[in-house]
Amino acid sequence: MKKSKCLIIALIVPGFAVGPVLAESTSPDASAIEAAKEELQININVVWTCIAAFLVFFMQAGFAMVEVGFTQAKNAVNILMKNLMDFSIGTIAFFLSRIRIDVWRKQRVLRYD
């Protein structure tokens, strides 16, 4: 019991001694804080977009299972293939349309002001 108290004190005391020194030496300016906030917001947006995409992907699989449940067993593979093709063609169409929007934005056809 006495050893653990000494260990705790030995770990805490240097923290109090070094803490104020480190706090004074790290004073970022406002522009660095704003840049960090902007980068954090971009990362949060990317993570949220990925989560939403994963949810849509699993939702598509859930709809496929529901549709298979409503059909006869001999048609199950055809229904699953139809849903897979629907997802594949939809993904390709989304990326092609996104590329077109990006090209138009570079050519100043679409403006986001």
Using the structure shown, decide if Ala30 is at pLDDT below 55 and either exposed (fewer than 10 other Cβ atoms within 10 Å of the Cβ) or touching a Ser or Thr at 6+ places or on another chain (Cβ under 6 Å) (or both). no
How many residues of segment 58-83 are without any contact (Cβ under 8 Å) to a residue 12 or more places away in the chain and either among the β-branched types (Val, Ile, Thr) or closer than 17 Å to Phe94 by Cα (or both)? The answer is 3
With the requirement that a residue be farther than 30 Å from Met65 by Cα and hydrophobic (A, V, I, L, M, F, W, C), what does segment 84-108 give you? Ile99, Ile101, Val103, Trp104
Leading residue by the ranking (modelled with the highest pLDDT) among those in segment 95-113 that are over 22 Å from Ala53 (Cβ atoms) and surrounded by 11 or more Cβ atoms within 10 Å (Cβ to Cβ): Val103
Taking the residues in segment 73-94 that are more than 25 Å from Ala53 (Cβ to Cβ) and modelled with pLDDT of 90 or more as candidates, determine which candidate is surrounded by the most Cβ atoms within 10 Å (Cβ to Cβ). Ala76
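The values are calculated or read from the model by the stated rules, or taken from the named source; none is laboratory data. Note that this is a predicted model, so its numbers are computed, not measured. Virtual Cβ from ideal backbone geometry, glycine too; neighbours counted across all protein chains shown.
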